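Step one of this worksheet: look at the structure below.
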Amino acid sequence: MARRSSQLEVLVERFAQMLVDRIGASIPRGTPRDGAAPGRGGERGRKRDMSCRYPGCKNRSKGPRFRFFCEKHLKLPKKEQQAALAKWAEKGR
């Protein structure tokens with residue numbers, strides 16, 4: 001009976017070690033050396049230009065969903081917004 005118990009202990013110990021190894025491999029350790037946070041897709045692409053597209057405006061835009069205009073210039077009529085976007089595109093950014 002002692003032999004069967006020791007075989008079971010060896011089997012359980014082996015299973016536990018395999019489980020620890022597999023879980024340990026899937027968990028990230030610390031942050032990468034480039035300073036990017038883990039899981040944030042640091043290599044996904046270049047950083048967007050988030051400045052407002054209105055000429056001379058230095059404010060931060062609200063992003064692509066709002067055509068890269070800040071809150072102030074988002075209230076302008078559509079024609080003025082289109083003209084500002086055309087002028088920005090002409091610059092060749």
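Taken together, the values in this text are just the output of simple stated rules run on the coordinates, not laboratory data. The model shown is predicted, which means the values in this text are computed figures rather than measured ones.
Taking 0.36 nm per residue of sequence separation and removing the Cα-Cα distance, the E13/E80 pair yields an extension gain of 17.0 nm.
Straight-distance candidates among the lysines for linking to K79, with alpha-carbon spacing under 17 Å and chain neighbours fewer than 8 residues away dropped: K87.
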